[in-house]
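Taken together, the values in this text are just the output of simple stated rules run on the coordinates, not laboratory data. All of these numbers come straight from a predicted model, not from anything done at the bench. Positions of Cβ are generated from backbone atoms using ideal geometry, with glycine treated the same way; all protein chains shown enter the neighbour counts.
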Amino acid sequence: MAGSSKNVAEMHPGEVGIVSGFTDDHLSVKLMEMGCLPGAAVRFNFTAPFGDPVCISVSGYELSLRLEEAATISILD
Amino acid sequence: MTSSRKPKIALVGNPNSGKSSLFNHLTGLNQKIGNFPGVTVEKRTGHSQLPDGTTADIIDLPGIYSIYPRSLDEQIVAEVLLDHHSPSTPDKIVVIVDGTNLKRGFLLLTQIIDMGLPTILALNMMDLAAKAGISYDFNALSKKIGVPVVAINARKGVGLDELKKLMEKPLSPPEKPVFSIWPEVESAVKELRATLNVDNDYEAYQFLEQPKSLKFLGAADQTKVTNIRNKYSFFPGKFQGAETIQRYSFIQDLLNTVTLKASDHSWKKNSSRLDQIVTHKVWGYLIFFALLFLIFQSIFAWAQVPMDLIDTGFAKLSAFLGSVLPEGPLSSLVAEGLIPGIGGIMIFIPQIAILFAFISVLEESGYMARVVFLMDKVMRKFGLNGKSVVPLMSGVACAIPAIMATRTIENWKERTITIFVTPLMSCSARLPVFTILVALIVPDEKAWGFFNLQGLALMGLYLLGFVAALVSAYVMKLLIRVKERSYLIMELPTYRIPKWSNVGYTILEKTKAFVFEAGKVIMAISIILWVLASYGPGDALSKARENVLEESKNLRLTEQGLNDRVAAYKLEHSYAGVIGKGIEPIIRPLGYDWKIGIALITSFAAREVFVGTMATIYSIGSVSDDDAATIKDRMKEEVNPETGGPRFTPATGFSLLVFYTFAMQCMSTIAVVYRETKGWKWPLIQLAYMTTLAYVSAFAVFHLLS
């Protein structure tokens, strides 16, 4: 599969990827403020029970976000 | 005198950057909590002694990630930093950045620098950074960004002397902005700066970007800004993403130059391992519910002794004042209105203090963010947010601090729903009412050998309130239609041992907020109620004694018995009694008579007044160590004249219990909701909804059981 079409919501625990872009303008502003920048490495850590929200590592700290928000972050892996 | 010359220093930083610890260290007990004008966001201020002997005013601003606000708390920071020409404009800004995560903290730092107020950078947690093998060249850093840099350890109070020295030194605003405004907006910014007195380009640019943060400007100036915005067809948020990217690229360059040694492992490991358990689908919930159980157990077990002390203390004080003050309306107001009113506020302090001790420990340790993480999915089904858990939990002690805790919820709809349903959680004021009614109608027996029936009934009432809150939230979710997106983008902070002094300050702060916020309303209402209960139409009250004597000629009452009867007679013929009788037709379908009606009215201000009113109506001496037992016995004997049976049948009792579970019956909550939602719409809808719910449910319960 083409790596560019993948997003953070599709990652598995322990997987690492590079942020390549965003599919939602409004959310991207907030995500970038939180250090989720194009080119930054993200690691998918774990999910809450029921699979949502999820916890990722980015810019040296841990960030939690909902699955639908994670799905707006495209990654290269 | 010299207060106008006192330097004003504002603390700004990310959440979890150690800002509160620094504030507590700088100010100690010299802090007070107020409100920012016109809004309900808490303003923590205090003063600090500087090395040269002067005192500085320290303002602790809410934790933010960026100057672009997302919630009400965050908007305040933008407003304070944008308003450069008011008496409350800070003279210096101290930006606190977590030394283990400079990157994200520096986004905020560079924004603050560009706002053009004199800025100091305090690098916190450098000890942890050192442990992780990170070090920076502070001199190079300071030169690059043009602001003084100081390393501190806010938890231990290390480095504060250097910070204070920087605070007292004259400091000019940073010279060069990090970010230059876009060429597209230059003409708009130029015109804005010429029209209004704006210090620099970035500040003017923020005027265009943040129409909601300009309340300090006044209507005329705001219109000018709007006109310029329209003229250049600028819409807020247009360039925000690009700005963030530009800042981060500056920060990356900066970090590349000033980092002497970077951390060798990029992912934190310790927190993750603990999180495997804490957010586990079985263990996670087990731990959370075990903690909840522990908290409630402690609230009820530990608070009992101090509450009893406060209760008897105020009863004695009231009786003492009643006996020593000269007779007259004024001493009656003091002894029967004011003192019990203050007592009614004080009695909740132990429970509130204990609850907030726990909540603050959970927040300080980083666990609360995990609770939000665990509960978000479930709460969302009910139109709430993971962050609604804290207000709902606090609601078990008192709805007032709970409703104030909803400010962190960014989404308007989720916040409004949380505010709306929080008063349905059974607060500590309902407990005395529950206790006495449950003791009256539920037998003190054990079911299946070990479950105490009364305990089960009490637990059932708490559950009932919780279920009602969830169901109401769900209904509101369907009713309110807004196109505002709900999101949860939240840092999971590293676990830490709580700093106990911070816990202490939180307890103090929350208790104070309750005493003063709720206290004012409870006081005012207790005075009104005192008037209603002490005065009545005609001369019935002044002739109370004669009339009672006349009625009970053949009873050979003791002096105490007579006095109690006079008190009951007075209450019956007071305005409160008249209203109680007036509403009897309305409450009769619920199984209540006018006596209960009086109690409903007097307890409208605060639920726990029910018990005291019952004591007066059934003419039990007001001072007795064994009040509850006496009231209970007397209520048991009360006869319903229509049936000849007891007045408090299980049907009436359960009907009352359900009524008190659902009814608003709390003036202070209404007042707080009014302030938090900035209008009468929500408190009135809430009052109508809860009263209707209480009435209909009580009606149903009464008719099902009788």
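For segment B:89-139 and segment B:452-510, write down the distance between their C-alpha centroids in whole Å.
One Cα centre to the other: 33 Å.
How charged is the neighbourhood of B:S180? Take every other residue with its Cβ under 11 Å from the Cβ of B:S180, and add Lys/Arg as +1 and Asp/Glu as -1.
-3
Taking beta carbons within 10 Å but only from partner chains, what does the mean come to for residues A:50-56?
Mean partner-chain Cβ count within 10 Å for A:50-56: 5.
Can you list the residues, at least 5 places off or on another chain, whose amide H is less than 5 Å from the amide H of B:E638, using H built in the peptide plane?
Residues meeting the amide H criterion: B:R647.
With each run of n ≥ 4 DSSP H residues scored as -39500 (n - 2.57), what mean residue ellipticity at 222 nm is computed for chain B after dividing by its residue count and rounding to the nearest 500 deg cm²/dmol? Intermediate values should be presented prior to the final figure.
Values: 32 runs with 412 residues, N = 706.
That calculation yields -18500 deg cm²/dmol at 222 nm.
Count, for each residue of A:67-74, the Cβ atoms from other chains sitting within 10 Å of its Cβ, then give me the mean as a whole number. Spell out each step's value before the answer.
On the way: counts 1, 4, 5, 1, 0, 0, 0, 0.
Average per residue, whole number: 1.
From the square roots a ≥ b ≥ c of the eigenvalues of the alpha-carbon gyration tensor of chain A, which class results: rounded (a/c under 1.5), prolate (a/b over b/c), or oblate? Please list the in-between numbers first.
Working: a/c = 1.28, a/b = 1.11, b/c = 1.16.
Rounded is the answer for chain A, as its axis ratio a/c remains below 1.5.
With an 8 Å cut-off on Cα pairs and a minimum separation of 6 or more residues, tell me the relative contact order of segment B:88-174 in percent.
Details: 117 pairs, mean separation 27.7, N = 87.
It rounds to 32 percent for segment B:88-174.
What is the set of long-range amide H partners of A:F46 at a cut-off below 5 Å, with H atoms built 1.01 Å from backbone N?
A:C55
Given B:L562, B:H573, B:N452, which one lies farthest toward the positive end of the charge dipole of segment B:452-595, if we put +1 on the Cβ of every Lys and Arg and -1 on the Cβ of every Asp and Glu?
B:N452
Past 21 Å, Cα to Cα: identify those pairs from B:K143/B:K169; B:K43/B:K678; B:K8/B:K499; B:K520/B:K570, in the order given.
Exceeds cut-off: B:K8/B:K499; B:K520/B:K570.
Using a/c under 1.5 as the rounded threshold, could you call chain B rounded, prolate or oblate? The axes a ≥ b ≥ c are square roots of the C-alpha gyration tensor eigenvalues, and prolate needs a/b larger than b/c, oblate otherwise. Mind showing how you got there, number by number?
Numbers: a/c = 2.21, a/b = 2.02, b/c = 1.10.
Cα axes put chain B in the prolate bin.
Please compute the contact order of chain A in relative form: average sequence separation of alpha-carbon pairs under 8 Å and at least six residues apart, divided by the residue count, as a percent.
45 percent
If you add up the charges near B:T244, with Lys and Arg at +1 and Asp and Glu at -1, over every other residue whose beta carbon is less than 14 angstrom from its beta carbon, what do you get?
+1
Work out the charge dipole of segment A:3-76 with +1 on the Cβ of Lys and Arg and -1 on the Cβ of Asp and Glu about the Cα centre, then indicate which of A:A41, A:V8, A:I56 is farthest towards its positive end.
A:A41
Please state the relative contact order of chain B as a whole percent: Cα pairs under 8 Å, 6+ residues apart?
Dividing the mean separation by the residue count of chain B yields 10 percent.
Any idea what the dipole of segment B:127-199 comes to, in debye rounded to 20, about its Cα centre with Lys/Arg Cβ at +1 and Asp/Glu Cβ at -1?
Roughly 320 debye, rounded to the nearest 20.
How would you classify segment B:423-517 from its alpha-carbon gyration tensor, with a ≥ b ≥ c the square roots of the eigenvalues: rounded for a/c under 1.5, else prolate if a/b is greater than b/c, otherwise oblate?
oblate
Within a 10 angstrom radius of each residue's Cβ in B:376-386, how many Cβ atoms of other chains show up on average? Whole number is fine.
Working: counts 7, 9, 3, 0, 3, 0, 0, 0, 0, 0, 4.
Mean shielding by partner chains, rounded to a whole number: 2.
Around B:I347, which amide H atoms from residues at least 5 apart in sequence, or from another chain, sit under 5 Å from its own amide H, with H modelled in the peptide plane?
none
Could you tell me the distance between the Cα centroids of segment B:318-346 and segment B:152-205, to the nearest Å?
Cα centroid of segment B:318-346 versus Cα centroid of segment B:152-205: 56 Å apart.
Whole-Hz Karplus ³J(HN,Hα) for segment B:177-186, in order, using 6.51 cos²θ - 1.76 cosθ + 1.60 and θ = phi - 60°, x for Gly and Pro?
Computed from phi, the couplings for segment B:177-186 are x, 6, 10, 9, 4, 5, x, 4, 9, 4 Hz.
What is the calculated FRET efficiency for B:F451 to B:K636, with r their C-beta to C-beta distance and R₀ = 25 Å, to the nearest 0.05?
Given R0 = 25 Å and the Cβ-Cβ separation, E is 0.60.
What is the dipole size for segment B:626-706, taken about its Cα centre, with +1 at each Lys and Arg Cβ and -1 at each Asp and Glu Cβ, in debye to the nearest 20?
It works out to roughly 420 debye.
If packing is taken as the mean number of other Cβ atoms within 10 Å per residue, what is the order of B:299-310, B:125-136, A:32-43, highest first?
With the highest mean Cβ count within 10 Å placed first, the list reads A:32-43, B:125-136, B:299-310.
Can you check what the net charge comes to around A:L67, using other residues whose Cβ is under 13 Å from the Cβ of A:L67 (Lys, Arg +1; Asp, Glu -1)?
Net of charged neighbours comes to -2.
So for chain B, taking the charge dipole from beta-carbon charges (+1 Lys/Arg, -1 Asp/Glu), which of B:Q252, B:P306, B:F659 sits furthest toward the positive end?
Going by the charge dipole, the pick is B:Q252.
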